[in-house]
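The values are calculated or read from the model by the stated rules, or taken from the named source; none is laboratory data. Keep in mind that what you see is a predicted model, and the values were worked out from it rather than measured. Quick reminder, even Gly has a Cβ in these numbers, built from the backbone with ideal geometry, and neighbours come from all protein chains shown.
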Amino acid sequence: MTGIEELEARLALDAASQFGEKIVILRHDVDNIYDIFGGGLSGLMKKVANYVILAAPVSLAKIAPGSLDHIEDLLDIEGKYGATASYFFRPVTIPDPGLREKLIASGHEIGYHSDNNRDFNEFLKGLKALEENTGVRIKGFTKHGYSPVRSGGPWSERLFIGYGIGAGLEYLAQGSGHPEWAVPRLAYSKLWLFGHKVTLKKSSIDAVQEYVKRNLLPMILIHPEDLSIRGEPEKLEAVLSFARGVSVKEVIKVLWRLVDEDVGYRDLVNYRST
């Protein structure tokens, strides 16, 4: 192990040890207002209604009957294990005041899941809409998936780092492109960038558990509607039975303190995207 690798390992251990137990960072991208994986006619009707409402020119999520009810399943499981998480909302999936207050009262974080982002002005407009409608000062974001028929632009690490810094955000929790990182990097000394994650739905429980055990600051992506898929709630509970779920902002708070106290750590994590 090189000197840099040793320092990185020490920083990761210092950050993780602040929580006093094994942790897993929980990231929830709220893509949809309804469960889209239900079966039968009612499941099909919900799926159609979901996409029709999301395609509307104005956000209808706060007034649509039963909107975001599927988040309650996640909250119940996380409450059972004393976990906190980061819920990243699109401008079209903004929670109503009741759900917003429940999330905050339970210690969860509300973040920005950017969908329309073909330029910085679009990105900033969505962020401001989320802040104005929730009354929350947003600290970080993730990017919505891209395809030619979906909103927004393709993934570009450098571009979205620039968007985040330009908007005054503290982190980008995309978790992509850097599986070798033991700790997130601080892009241009301003924006924390997470390098890896696993998606619960796409992974076996053995693979998820191995990833969490192997990393001191592991991140798991769980879309709320995924818990309606057979076996997914049990996978989440299996993870939370041996690692405490925490939000991204809790980890960021620890990292800021550590790099402010140790210039060696700050030099280590300084990152410039190519």
The range 128-139 residues that are in contact (Cβ under 8 Å) with a residue 12 or more places away in the chain, paired with ones that are basic (Lys, Arg) and outside any loop (DSSP other than H, G, I, E, B) (beta carbon under 7 Å, 6 or more apart):
Thr134/Arg100; Lys139/Lys249
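Among the residues of the range 1-45, which ones are in a loop (DSSP other than H, G, I, E, B) and over 16 Å from Val246 (Cα atoms)? Break it down into steps so the answer makes sense when it comes.
So the first thing to find is which residues in the range 1-45 are in a loop (DSSP other than H, G, I, E, B), and the list is 1-2, 18-22, 31-39.
Hits for the range 1-45 are Met1, Thr2, Asp31, Asn32, Ile33, Tyr34, Asp35, Ile36, Phe37, Gly38, Gly39.
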In the range 41-63, the residues that are under 24 Å from the mean Cα position of the chain (by Cα) and at pLDDT 80 or above
Lys47, Asn50, Tyr51, Ile53, Leu54, Ala55
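So which residues in the range 98-110 are farther than 14 Å from Arg137 by Cβ and either surrounded by 15 or more Cβ atoms within 10 Å (Cβ to Cβ) or in contact (Cβ under 8 Å) with a residue 24 or more places away in the chain (or both), if there are any at all? Please lay out each step first, then the result.
We begin by selecting, within the range 98-110, every residue farther than 14 Å from Arg137 by Cβ; these are 98-99, 101-103, 105-108.
Across the range 98-110, the qualifying residues are Leu99, Lys102, Leu103, Ser106, Gly107, His108.
Please verify whether Asp29 is in contact with a helix residue (DSSP H, G or I) (Cβ under 7 Å, 6 or more places away or on another chain), closer than 28 Å to Tyr171 by Cα and at pLDDT 95 or above, treating the condition exactly as stated. Write out each step before concluding.
Numbers: in contact with a helix residue (DSSP H, G or I) (Cβ under 7 Å, 6 or more places away or on another chain): no; closer than 28 Å to Tyr171 by Cα: yes; at pLDDT 95 or above: yes.
Criteria not met by Asp29.
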Within the range 48-101, residues of a type in the set (Lys, Arg) and in a loop (DSSP other than H, G, I, E, B) come out as Lys62, Arg90
Over the range 235-263, the set of residues in contact with a Gly (Cβ under 8 Å, 6 or more places away or on another chain) and charged (D, E, K, R) is Arg244, Lys249
Please go through the range 184-211 and give me each residue that is β-branched (Val, Ile, Thr), surrounded by fewer than 20 Cβ atoms within 10 Å (Cβ to Cβ) and over 14 Å from the mean Cα position of the chain (by Cα), ordered by number.
Ile205
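For residues in the range 226-255 being in contact with a Leu (Cβ under 9 Å, 6 or more places away or on another chain) and hydrophobic (A, V, I, L, M, F, W, C), which is farthest from Ser17 (Cα to Cα)?
Going residue by residue through the range 226-255, those that are in contact with a Leu (Cβ under 9 Å, 6 or more places away or on another chain) are 226-227, 232-233, 235-236, 239-240, 245-248, 251, 255.
If we keep only those that are hydrophobic (A, V, I, L, M, F, W, C) as well, we get 227, 236, 239-240, 246, 248, 251, 255.
Numbers: Leu227: 30, Leu236: 23, Val239: 19, Leu240: 17, Val246: 13, Val248: 16, Val251: 11, Leu255: 12 Å.
Here the answer is Leu227.
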Quick test of your reading of the structure: Gly79 fulfils all but one of (1) of a type in the set (Gly, Ala, Ser); (2) more than 17 Å from the chain's Cα centre (by Cα); (3) under 30 Å from Arg266 (Cα atoms); (4) surrounded by fewer than 17 Cβ atoms within 10 Å (Cβ to Cβ). Name the failing condition by number.
(3)
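Can Gly38 be described as at pLDDT below 85 and surrounded by fewer than 21 Cβ atoms within 10 Å (Cβ to Cβ)?
Numbers: at pLDDT below 85: yes; surrounded by fewer than 21 Cβ atoms within 10 Å (Cβ to Cβ): yes.
It is true that Gly38 is at pLDDT below 85 and surrounded by fewer than 21 Cβ atoms within 10 Å (Cβ to Cβ).
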The lone condition Leu124 fails out of (1) crowded, with 18+ Cβ neighbours inside 10 Å; (2) among the aliphatic types (A, V, I, L, M); (3) under 22 Å from Gly162 (Cα atoms) is (1)
Spot the failing condition for Leu44; the list is (1) loosely packed, with under 15 Cβ neighbours inside 10 Å; (2) of a type in the set (A, V, I, L, M, F, W, C); (3) touching a Lys or Arg at 6+ places or on another chain (Cβ under 9 Å), and only one is missed.
(3)
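Which fully enclosed strands (runs of 3 or more DSSP E) of the range 164-274 have 3 or more residues being on the phi > 0 side of the Ramachandran plot, free of Cβ contacts under 8 Å to residues at least 40 places away in the same chain and touching an Asp or Glu at 6+ places or on another chain (Cβ under 7 Å)?
Numbers: elements: 185-187, 191-193, 219-221, 244-246.
Because the criterion is at least 3 residues that are on the phi > 0 side of the Ramachandran plot, free of Cβ contacts under 8 Å to residues at least 40 places away in the same chain and touching an Asp or Glu at 6+ places or on another chain (Cβ under 7 Å), no strands (runs of 3 or more DSSP E) in the range 164-274 meet it.
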